Amino acid sequence: MAKNIMIVAEQRDGVLRRVSFEVASEARKIADDRGEEVAAVLLGSNVKGIAAELGKYGVDTVYVADSEIFQLYSTEAYTDAVAAAVSEYDPAVVIFPASVQGKDLSARVAGRLATGLATDCTDLRVEDGTLIATRPIYAGKCNADMIVTGTPQLVSLRPNVFPAVEAAKAGTVVDFKPAVGEVKAKIVDIQKDTSGTVELTEADIIVSGGRGMKGPENYTIIEELAATLGAAVGASRAAVDAGWRPQKDQVGQTGKTVTPNLYIACGISGAIQHLAGMSSSKYIVAVNKDPEAPIFGKADYGIVDDLFKVVPEITAAVKKLQE
Amino acid sequence: MNVVVCVKQVPDSETLVKVKPDGSGIEEAGIKWVMNPYDEFAVEEGLKLKEKNGGDVTIVTLGPGRAMETIRTALAMGAEKGIHISEDTFDDDCAYSKASALAAAIKEIPHDIILCGQRAIDDDEGQVGPILAELLGIPQVTLVTSLTVDGNTARAVKAIEGAQVTIESSLPCVITAQKGLNEPRYASLPGIMKAKKKPVDVKDAASLGITADAKIKIVRLTPPPERAPGKIIEGDDPATKAQELVTLLREEAKVI
């Protein structure tokens, strides 16, 4: 009888990513609700040393598959390993982070296990003994409460939504050696982003510029404010399509969905498709000289004025605060 | 080269989504139906592969009768033929069921590469591509922003958090298309006219030997939480307004 919660932790370059702790904490919460245990699967090369960290966030047992074959992510090897872990541990629920890797992996695992996956969820709870997963659909215009009727129930959690909560458990490390088949799709090159700024989907604060920026050279004021706040820099589709900012900076329906505590939108009108990407920000600030801009309907704080005058003043005011 | 592109018909992104009072679904009256924007990148990439390597592009779509229009749009862009798995009551909430239907149709035709949009903008799931790849027993690369095919190898670039990775895969494989992969062409008027005569095979679940066996269900839809109305910061000059904002962010919102 399938029982207990399994999480699929994510590490890169031998470091557990924050999403792993968010997922562990949520798994711990659900397990406590149901009187169950939490196990983690950790795949990588030379990662035994980091496995116990998951214990800090509520994991009882960590199944570590430590092998060169897992050094870099591959859908096929990781799917083989997760499927083997499910077969051995027989969890009722498997929780993944909805990171880029997590979304790629969890869907393949759903296919492998012929089960259902509630993906990119923003809430998870037990209601009358049933696990209900909530996820935004129609670009966040509504939320869907879902029940996975297959076994095990797979869920992936949106990054930066669930808190990482320390809850010390044993985190006992167990060696695990899954059989892995042929890997036909492999990473052959990795180019790290040189800008060194925070990843948008995991940022606490984002400063974003849109069509009102009028040109790429003007983004220095956005970058300065972002640097002062320790924030990531985002852009609207208009700015990306104009070639002012790279695609990876785009926030919106055909860009990234972000969940920061603070989103500062400068020269962004607030089209539905942009709002789709940032409307679940905790606080939204809009700076735009058009008082009719739709973004003011969503903003908690709005300044109707010339962003070229206002944004540098915000930077100055923040610097003063930090003195 | 036998290129297969999976295309879905979805509500236009401008659609004002209204949840039915009982939360069982959304109001469909007045919806403008379009090709899923990410599938446009997939169709375009398929056409480019055909133009470079020869062969043809087959569009495969699962959906009700109205989805035929979207297949015709893809044919108008230049695809040669289509398969319409026509179902009005097919479980739309279950990615596994949908992928099973597509896999059953695609298994029967030659396929060197399968392209899909990275996700559909109605369910925002991104599962069907990977599940399809698993069911066909072939590799996948998701969120692809650059693709080159050389002989039996696909070389794809995608963004992960903080990096760009290049993945090489043998063919056949499933590639899911991300914005930035290409600039989709518009269907020309001659293309639209030709599309009317291109062959579209209409199948149903029974003829493909599949039964919808849902692994997941939506139990209710709810509107997103309302945001409290915000305030416009007044002041004599930009500096004053900026200062007020920073004070509010520190003391009221407590986010800086």
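Annotations
The rows are residues; the columns are (1) facing chain B (nearest Cβ under 7 Å); (2) under 15 Å from residue B:224 (Cα atoms).
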{"site": "A:118", "(1), (2)": "yes, no"}
{"site": "A:121", "(1), (2)": "no, yes"}
{"site": "A:126", "(1), (2)": "no, no"}
{"site": "A:130", "(1), (2)": "no, no"}
{"site": "A:139", "(1), (2)": "yes, yes"}
{"site": "A:150", "(1), (2)": "yes, no"}
{"site": "A:156", "(1), (2)": "no, no"}
{"site": "A:159", "(1), (2)": "no, no"}
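- Those residues of the stretch B:129-154 which are more than 8 Å from chain A (Cβ to nearest Cβ), free of Cβ contacts under 8 Å to residues at least 40 places away in the same chain, outside any loop (DSSP other than H, G, I, E, B) and farther than 18 Å from residue A:105 by Cα, in sequence order: B:146, B:148, B:150, B:153
For (1) within 14 Å of chain A (Cβ to nearest Cβ); (2) touching a residue at least 12 places away in the same chain (Cβ under 8 Å); (3) touching a Lys or Arg at 6+ places or on another chain (Cβ under 9 Å); (4) under 22 Å from residue B:133 (Cα atoms), each residue gets a yes or a no:
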position: B:5; (1), (2), (3), (4): no, yes, no, yes
position: B:44; (1), (2), (3), (4): no, yes, yes, yes
position: B:56; (1), (2), (3), (4): no, yes, yes, yes
position: B:65; (1), (2), (3), (4): no, yes, no, no
position: B:78; (1), (2), (3), (4): no, yes, yes, no
position: B:88; (1), (2), (3), (4): no, yes, no, no
position: B:96; (1), (2), (3), (4): yes, yes, yes, yes
position: B:99; (1), (2), (3), (4): yes, yes, no, yes
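- Screening residue B:126 with (1) surrounded by fewer than 23 Cβ atoms within 10 Å (Cβ to Cβ); (2) within 14 Å of chain A (Cβ to nearest Cβ); (3) part of a loop (DSSP other than H, G, I, E, B); (4) free of Cβ contacts under 8 Å to residues at least 60 places away in the same chain gives one miss only, at (1).
- Candidate set from the stretch A:199-231 (those that are over 17 Å from residue A:286 (Cβ atoms) and at the interface with another protein chain (Cβ under 9 Å from one of its Cβ atoms)); member that is surrounded by the fewest Cβ atoms within 10 Å (Cβ to Cβ): A:204
- Pairs with Cβ under 8 Å, 6+ apart, first in the stretch B:227-256 and more than 18 Å from residue A:289 (Cβ to Cβ), second hydroxyl-bearing (Ser, Thr, Tyr): B:227/A:279; B:248/A:301; B:249/A:283; B:249/A:301; B:253/A:283; B:253/A:301; B:255/A:283
- Residue in the stretch B:31-41 that is crowded, with 21+ Cβ neighbours inside 10 Å, at pLDDT 95 or above, in contact with a helix residue (DSSP H, G or I) (Cβ under 9 Å, 6 or more places away or on another chain) and part of a helix (DSSP H, G or I) present: yes
Yes/no per residue for (1) buried (at least 22 other Cβ atoms within 10 Å of the Cβ); (2) of a type in the set (Val, Ile, Thr); (3) in contact with a helix residue (DSSP H, G or I) (Cβ under 8 Å, 6 or more places away or on another chain); (4) within 20 Å of residue A:164 (Cα to Cα):
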site	(1), (2), (3), (4)
A:2	no, no, no, no
A:15	no, yes, yes, yes
A:19	yes, yes, yes, yes
A:54	yes, no, yes, yes
A:60	no, no, no, yes
A:64	yes, yes, yes, no
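- Among (1) more than 30 Å from residue B:108 (Cα to Cα); (2) more than 13 Å from the chain's Cα centre (by Cα); (3) surrounded by 16 or more Cβ atoms within 10 Å (Cβ to Cβ), the one test that residue B:57 misses: (1)
- Subset of the stretch A:289-304 (residues that are out of contact with any Leu (no Cβ under 7 Å at 6 or more places or on another chain) and crowded, with 20+ Cβ neighbours inside 10 Å): A:293, A:295, A:296, A:299, A:300, A:302
- Selection status of residue A:134, touching a strand residue (DSSP E or B) at 6+ places or on another chain (Cβ under 7 Å), surrounded by fewer than 24 Cβ atoms within 10 Å (Cβ to Cβ) and within 13 Å of chain B (Cβ to nearest Cβ): yes
- Of all residues making up the stretch B:217-249, the number that are among the small types (Gly, Ala, Ser) and either under 22 Å from residue A:155 (Cβ atoms) or at the interface with chain A (Cβ under 7 Å from one of its Cβ atoms) (or both): 3
The values are calculated or read from the model by the stated rules, or taken from the named source; none is laboratory data. Everything numeric here is computed off the predicted structure, so don't read it as measured data. For neighbour counting, all protein chains shown are included, and Cβ atoms are generated from backbone atoms with ideal geometry for every residue, glycine included.
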